[in-house]
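Below is one structure, written out as structure tokens, with a few remarks after it.
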Amino acid sequence: MSTSESVRANYKVRASELLGRNWLNTGGKQLDLDALRGKIVLLDFWTFCCINCLHVLDELRPLEEQYKDVLVTVGVHSPKFEHEADPDALAAAVERYEIHHPVLDDPELVTWQAYGARAWPTLVVLDPEGYIVAHLSGEGHAQGLGSLVEELVAEHEAKGTLHRGNGPYVAPAAREGDLRFPGKAIALANGNFLVGDSGHHRLVELAGDLSTVVRTIGAGVKGYADGDAATAQFNELQGLAALPAELAAEVGYDVIVADTVNHRLRSVNLATGAVGTLAGNGVQRLLDSENARQEVQPTELGTDALNISLSSPWDVLYHPSGQVIVAMAGTHQIFAFDPRTGAVSVFAGTGLEGLTDGAPDEAWFAQSSGLALDGENVWIADSETSALRWIEVEEGKAKSVNTAVGTGLFDFGFRDGDAQQARLQHPLGVAVLPDHSIAIADSYNGAVRRFDPATKTVSTLAKGLKEPADVLVDTTVDGDPVLLVVETNSHQLVRIPIPAEALVVDQGASQTQRPKTRVQAGKHGILVRFAAPKGQKLDDRWGDPTQLKISASPEELILDGAGTSVGLSRTLELNPEVAEGVLHITARAAACDGEPGGEIPDHAACHLYQQDWGIPVVLDAEGENELLLDLRGVN
């Protein structure tokens, strides 16, 4: 580890060919490295389920615009979940997230393996002559990438190897329709439904027939602006929560919106259509550099809500304690917001990604994306662990975090039956049914599932849907309540009867299929390389600013060396009696604006770089005895 180490390779390594099933956003043309020669190429290894990957897409947009005549971004889609290998699902995701660069569909992870990617997202930079010059993990690298691009432009323009001009991106045809990739919906007191029309960056009020547009709120373009219904702007908004009438009259608005990509909570007055901002300064939240290394996160974040950073709020829920519970997908936590005081707090979660139950300040979540209320307790669709979780709440305070269905980051499937054996696949929404069982929008299985807390079993209420993102109980119809499902990739809301007898489906359990690293039993070294980006220095004001947290599935894989400690190197003792498993590694490094060797200014901006790896390993006498990973900025 060094504050001055450059990430540019000090040797010449030719980039591997870009191989996969197909190309998107190229007008049907199949690209190769020869077609990209003369351009600086940024390979973005991503998968569309991953919130960190979505953050990187937004981080790269200004770079792509600024350097559009010299830089070509190529998204290499390397699927985690089975559903993400579906070419139609990938095409929908590329359209949904407005990706304006070529995308290579790599379902067999051929290019992923060739470039040594081990985590989502991974970024690899190629120079105009086709050599690898940088290899980065995680998000937060935009500033450093800009410096590297400037350096490469000067170098290769002088050599005559840089070719300016348009890149290979070809825009697809725009889709027409009233809704475009709707995310969440709520019922209104007037019998209509308010829908987060995330692909159009607006709210749509639909009549009870689910097709008549009563009105829209928002200009319908990506951006951020408060104002009236015609001029306000959102950015890929998701969850909605209606306040009780008495509270709404007190605070002056009726609905709270999770404005996801703007990293803000917004307010909507239904009578006037006026949109305001309640919380978030628009800067993506990172864990505090001092407290994060000790894993002691402050729970009370203050009442100056407009100056508090949030990170991809995905869903919101009004709680009878008077708080609004927020699924903060970007930091893998559950937050709370008080509409009366503006207070923002961490309700549960450490910020580490994974599935760990227990006390609220010890629990791990993974991209929580859906919330529902049963009494005081909060049910959660924890998407990246394919899990249904719940928080026991007492007098408005989280008491414990629990898991009803799901086993970990890399386990998924479509299996009903006993909850311990049942499997989901990236669920995004939850609802409490009249009998207090839980309906689950099991997005990547295209289904609505049901968990019965009384029998601890899972069944299937409906299947054959296209990425259902939300489900709610609709009591506006005659007769018994029905399910109202937001079918995102069909761009519609649909009603489905709650069947008297649910289906029992067993299409099996799966694990994320990535190449397994062959490792020797016994001593095994872990080394994570990091260099603070140019203009930053390691934040050593409270001691060593780096940290490793290591565990394994199964736990018995590591005989010695698991746990959390400072530094970015560790020696593990791997158990020869365990044939294979997954090493879970979280690396953190804190840096602040300032030059190496100098003092950190009192008001310097500080940054926490973090990456989580889940590395499948198989024990082999001929395997490796050291694992080298990269977490570093660009000099």
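For the reader, a short list of remarks on this structure follows.
- For R61: the one exception among (1) part of a helix (DSSP H, G or I); (2) at pLDDT 95 or above; (3) surrounded by 20 or more Cβ atoms within 10 Å (Cβ to Cβ): (3)
- Filter result for F347 (under 28 Å from W613 (Cβ atoms), part of a strand (DSSP E or B) and in the same structural domain as L503 (by TED's automatic domain parsing)): no
- Here the range 338-360 is the region considered, the condition is being modelled with pLDDT of 95 or more and either closer than 27 Å to V485 by Cα or among the acidic types (D, E) (or both), and the residue that is surrounded by the most Cβ atoms within 10 Å (Cβ to Cβ) is D338.
- Test result for R588, closer than 15 Å to Q611 by Cβ and either under 26 Å from the mean Cα position of the chain (by Cα) or surrounded by fewer than 22 Cβ atoms within 10 Å (Cβ to Cβ) (or both): yes
- All positions within the range 64-100 that are over 30 Å from R202 (Cβ atoms), assigned to a helix (DSSP H, G or I) and without any contact (Cβ under 8 Å) to a residue 60 or more places away in the chain: A85
- Every residue from the range 566-585 that is within 23 Å of the chain's Cα centre (by Cα) and under 13 Å from L631 (Cα atoms): I585
- Check on G199, closer than 20 Å to H101 by Cβ and outside the structural domain of G130 (by TED's automatic domain parsing): yes
- Considering the range 396-444, and only residues there that are aliphatic (A, V, I, L, M) and under 16 Å from C50 (Cα atoms), the residue that is surrounded by the most Cβ atoms within 10 Å (Cβ to Cβ) turns out to be L428.
- In the set (1) out of contact with any Phe, Trp or Tyr (no Cβ under 6 Å at 6 or more places or on another chain); (2) assigned to a strand (DSSP E or B); (3) outside the structural domain of E467 (by TED's automatic domain parsing), L388 fails one condition alone, (1).
- Selection within the range 366-385 - farther than 15 Å from Q238 by Cα and assigned to a helix (DSSP H, G or I): E384, T385
- The condition of being surrounded by 20 or more Cβ atoms within 10 Å (Cβ to Cβ), assigned by TED's automatic domain parsing to the domain that holds L148, more than 29 Å from D259 (Cα to Cα) and among the polar types (S, T, N, Q) does not hold for T122.
- In summary, P499 fulfils each of the numbered conditions (1) part of a strand (DSSP E or B); (2) over 27 Å from the mean Cα position of the chain (by Cα); (3) not assigned by TED's automatic domain parsing to the domain that holds L572 with the single exception of condition (1).
The values are calculated or read from the model by the stated rules, or taken from the named source; none is laboratory data. Computed from a prediction, not measured in an experiment: that's the story for all the values here. So basically every Cβ, Gly included, is an ideal-geometry build from the backbone, and we count neighbours across all protein chains shown.
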